[in-house]
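Trainee: Could you have a look at this structure, given as structure tokens, before my questions?
Readers should treat all values here as calculations from the given coordinates under stated rules, not as data from a laboratory. Here the structure is a predicted model, which means the values were calculated and not measured. All Cβ positions, glycine included, derive from the backbone under ideal geometry; neighbour counts span all protein chains shown.
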Amino acid sequence: MFLVCWHFCTSFLTFLTYAIGPGLFVTAAFMMRRGLLQKRQRLRRAAMLTGLLGAAKIVFIDLRHFADVLICGMNGCSRFERISIDILSIILMGAVLIVWQKLHRRYVHEQYISKRPNNLRRLMRWTRRSLIAVSCFVLWMILPFLFVLSGYDIPAVFLVLSWHFFALAGGISLACAFWELESYHWHFNSIKSKLQEKGHAWVPKDTLWTLVFVYILTVILAFASSKMIADAGLGF
């Protein structure tokens, strides 16, 4: 069972390896938003450090790996190519540090005022968009198996249009919805609103967290199914 899981999950684990850097950026953005809404300087400072870790991971690991593949190829890097890649990484990280210092000075040390809008309509709108996007993603992954189980051939459109577009649309919709939820939730907590008003925010919140669980499960199944299709095409 472990070997089967390892064979079909390697592509997903590779994706997770490269997703660490962008994931740290997204986490830092949400931490910064909450720190601004709550006026918590320590949380804003932690958000800046988290973003810096994500940038360092991308520059020194991900981009260097891509440079090795594009420049060196299968034969490996020469000494000159290796030194050139290291120098470019250091220069790029220096540029990142300059931008990071400016952002740190603006959002951590200065008294930055963040507006707390009451955008219940925008929250509900992004919740509906997330529901539609995740539902389309799930259907796109289920329908080919339903065609096979029914004895029909898989339509060509499922082989031409990649599932990555649906996964990307669902991920962006969920991120925007949680961004709006963060602003709405902390806004109403700060002014101690009525229980009836707070209750309206929990409906999209519960829906969004359910969609996150369904989305993650569908992404894992999508990577496994694409691996199965690739192995079938190679004759394994």
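Trainee: Please arrange Y18, Y107, Y184 by counting, for each residue, the other beta carbons lying within 10 Å of its beta carbon, fewest first.
Mentor: On the way: Y18 15, Y107 18, Y184 22.
Arranged by neighbour count, lowest to highest, Y18, Y107, Y184 become Y18, Y107, Y184.
Trainee: Same structure again: What list do you get for K39, K102 if you sort them by fewest beta carbons within 10 Å? Before the final figure, lay out each step's value.
Mentor: On the way: K39 13, K102 10.
Exposure proxy ranking, most exposed first: K102, K39.
Trainee: What's the Kirkwood radius of the range 81-184 in Å, using all Cα pairs?
Mentor: Details: mean 1/r = 0.0547 Å⁻¹.
Mean inverse Cα-Cα distance, inverted, gives 18.3 Å.
Trainee: Which loop-located chymotrypsin sites (Phe, Trp or Tyr not before Pro) does the range 124-179 contain, where loop means any DSSP state but H, G, I, E or B and the Cβ has at most 10 other Cβ atoms within 10 Å?
Mentor: For chymotrypsin sites (Phe, Trp or Tyr not before Pro) across the range 124-179 that sit outside H, G, I, E and B with at most 10 neighbouring Cβ atoms in 10 Å, the list reads Y152.
Trainee: Using mean Cβ contacts within 10 Å as the protection proxy, how do 48-54, 214-220 order, highest first? Intermediate results must be reported in sequence, preceding the final value.
Mentor: Values: 48-54: 18.4, 214-220: 16.0.
With the highest mean Cβ count within 10 Å placed first, the list reads 48-54, 214-220.
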